[in-house]
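Novice: If you scroll down you'll find the structure; I have some questions about it.
The values are calculated or read from the model by the stated rules, or taken from the named source; none is laboratory data. Nothing here was measured: the structure is a model prediction, and the numbers come from that model. Cβ placement follows ideal geometry from the backbone for every residue including glycine, while neighbour counts extend to all protein chains displayed. Note: accessible area is taken over every heavy atom of the protein model, side chains too, but ligands, DNA and RNA are not part of it. Shrake-Rupley method; radii C 1.70, N 1.55, O 1.52, S 1.80 Å.
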Amino acid sequence: MPTSPPEQTGPASAFVVMAKPAGPVCNFACDYCYYLAKTALFGPAERYRMSEEVLEAYVRGFIAASPGPVVNFVWHGGEPTLAGVGFYRRVVELQKRYLPEGWRCLNNLQTNGALLDAKWCRFLAEAGFSVGISLDGPPELHDASRRDRHGRPTHARVLRGLRLLREHGIDPDVLCTVNARNCGAPLELYRYFLGQGVRWLQFIPVVERVGTDQASERSVPPEALGELLCRTFDEWVRHDISRMGVQNFLEALLVVSGQQANLCVMAETCGLALAIEHDGSVYSCDHFVDQRHRLGDVRHEGLGALVASRQQVAFGQAKRSTLPRYCRQCPVLSLCNGGCPKDRFATSPDGEPGLNYLCAGYRAFYRHALPYLQRMALLAASGQPVSSIMAELESQERDERKRWAAAGRNDPCPCGSGKKYKLCCLGRARRH
């Protein structure tokens, strides 16, 4: 007989749960994937399918713990489509059963896209699912890391899934990991997504920890991440704000505008993005699915109680309380907040442990982008579209080119140094 979780005494603050209906298994074997190894938590005979008992307890418990009136369900993996279309039909039925009057559910499916067909896409469209699809760029960059369990390339299958979604009226978000293989071609990568008609893009850095304080060779080097973000931002802010949303940039704009970022990696504290495995186990975070961070079982404990538990609150507050001094004194701390705790295994320049491995990249990008983001925030505050900055930059840079073109050898250097042009930038240009 199913065991019901306790009823909530009242809605908790809004939080997110990454639900793993097919556990950590996947039809792909991406070489940088951190989640495939979670099969070690389970026995050799594990089925890796969320049971009816667990699913009903989760749907009912999450709705009960949510402040409403919109409840956001996120279906993740592994590969969540391995659970089958029938599983998600049941999800929708249970959501309708337990939703209070006037409330509604939103469902997001994060998939590699390879198993999508017309039947899948019809269902997702009819049920109003939003979809995120994982794509690491053009074939030579994507297939270098993202192969299936038999070692075969997957790029063509992902594009087929993308096309099928669009044919059924779903314009998916694209998640691109930034790893050692694709980080060296920032504009090639970005323009590829533009060419594919992507409307919403997010970059996720790959960081694999080796030992206590090293990153694997597959991890993106911090400086390369900073260079990729800077060069992509420069292209986007001048040409593409109106036709593509880049999550990394728009979340930073939220913070500069005085609002809170939606991404937990940028938030001051964490702890409001939990994970639930197929067996009902609830964990502190998708990146901390291990016995130490297991909070309980959704069949026996309410999700609201778990997210408010002493263990989870301490986990979330540690993001802020364990910042090294180098971070606390950083001029872009409000944008970074130390990044994800899983990546804090580097040492600061003054020798303090706990620095984010990606610090150099984040610091370079935020310092580079900040003046533009501040201008965009001012435009928005005055009722103008933030995309107006594109015309402003075009005008400024056109005038700048004219000034340089008109400068004579003996004129003051346009760079503002006070020296003659021939003794300043003109001389440097000739030397280099």
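Novice: Rg to Rh ratio, the chain, alpha-carbon atoms and Kirkwood radius?
Specialist: Result: Rg/Rh = 1.01.
Novice: With labels modelled as points extended 7 Å from the Cα through the Cβ direction, what inter-label distance (nm, one decimal) is found for residue 160 paired with residue 14?
Specialist: It is 3.8 nm.
Novice: Follow-up question, since we're still on this one. Is segment 280-411 best put as rounded, prolate or oblate by its Cα gyration tensor, with a ≥ b ≥ c the root eigenvalues, rounded for a/c under 1.5, and otherwise prolate when a/b is larger than b/c, oblate when not?
Specialist: Note, shape of segment 280-411 comes out prolate.
Novice: Calculated FRET efficiency, residue 223 and residue 410, Cβ-Cβ r, R0 45 Å, to nearest 0.05?
Specialist: About 0.70, to the nearest 0.05.
Novice: Another question about this same structure. Modelling each spin label as a point 7 Å along the Cα-to-Cβ direction, I'd like the residue 391/residue 171 distance in nm, to one decimal.
Specialist: Inter-label distance under the simple model: 2.2 nm.
Novice: OK, next. Can you tell me the length gained on complete extension of the stretch residue 423 to residue 51, counting 0.36 nm per residue apart and subtracting the Cα distance?
Specialist: That pair, residue 423 and residue 51, stretches by 126.4 nm at full extension.
Novice: Here's a follow-up. Taking the solvent-accessible surface of protein heavy atoms with a 1.4 Å probe, what is the per residue accessible area of segment 153-311 in Å²?
Specialist: Here the residues of segment 153-311 average 42 Å² of exposed surface.
Novice: Under a 1.4 Å probe, what is the accessible area of segment 342-395 per residue, stated in Å²?
Specialist: That works out to 45 Å² per residue.
Novice: Right, next: Ignoring ligands, DNA and RNA, please state the percent of accessible area on the chain from carbon and sulfur, probe 1.4 Å.
Specialist: Heavy-atom surface of the chain belonging to carbon and sulfur, 1.4 Å probe: 51 percent.
Novice: How about segment 68-137: which GluC sites (Glu not before Pro) there are in a DSSP loop, with at most 11 other Cβ atoms within 10 Å of their Cβ?
Specialist: Sparse-neighbourhood loop GluC sites (Glu not before Pro): 101.
Novice: A follow-up question, please. In nanometres, what is the gap between the two model label sites at residue 234 and residue 402, each 7 Å from Cα along Cα-to-Cβ?
Specialist: Those two pseudo-labels are separated by 2.3 nm.
Novice: Please report the antiparallel percentage of DSSP beta bridges with both residues in the chain, rounded to the nearest 5.
Specialist: 30
Novice: Which part of segment 129-163 falls in the paramagnetic zone of residue 106, meaning amide N under 17 Å from the point 7 Å along Cα-to-beta-carbon?
Specialist: 129-133
Novice: Okay, next question. Report, please, the projected area of segment 5-142 averaged over directions, based on the convex hull of its C-alpha atoms, in nm².
Specialist: That works out to 10.0 nm².
Novice: Sticking with this structure for a sec: Could you calculate the FRET efficiency of residue 115 with residue 210 from 1/(1 + (r/R0)^6), where r is the beta carbon distance between them and R0 is 35 Å, rounded to 0.05?
Specialist: 0.65
Novice: What pairs from 402/422; 96/342; 96/319 go past 29 Å between their alpha carbons?
Specialist: Over 29 Å apart, Cα to Cα: 96/342; 96/319.
Novice: From the phi angles alone, apply the Karplus equation (6.51, -1.76, 1.60; θ = phi - 60°) to segment 353-359 and give each ³J(HN,Hα) in whole Hz, x where the residue is Gly or Pro.
Specialist: Each residue's phi maps through the Karplus curve to give x, x, 7, 5, 3, 8, 3 Hz.
Novice: Let's see if you can work this out: charge +1 on each Lys and Arg Cβ, -1 on each Asp and Glu Cβ, no other charges. What is the dipole magnitude of segment 1-160 about its Cα centre, in debye to the nearest 20?
Specialist: Magnitude of the dipole: close to 260 debye.
Novice: Rank 256, 267, 331 by how far each Cα sits towards the positive end of the charge dipole of segment 256-349 (+1 on Lys, Arg Cβ; -1 on Asp, Glu Cβ) and give me just the farthest.
Specialist: Working it through, the farthest residue towards the positive pole turns out to be 331.
Novice: As a check on your grasp of the helix formula, calculate [θ] at 222 nm for the chain: sum -39500 (n - 2.57) over DSSP H runs of n ≥ 4, divide by the residue count, round to the nearest 500.
Specialist: -12000 deg cm²/dmol
Novice: Let me ask something else about it. Using the Cα centre of the chain as origin and beta-carbon charges of +1 (Lys, Arg) and -1 (Asp, Glu), tell me which of 36, 15, 404 is placed farthest towards the positive end of the dipole.
Specialist: In the chain, that residue is 404.
Novice: For a test of the definition: using alpha carbon positions, the gyration tensor, and the 1.5 limit on a/c, classify segment 357-431 as rounded, prolate or oblate.
Specialist: Oblate, because a/c is 1.5 or more while a/b does not exceed b/c.
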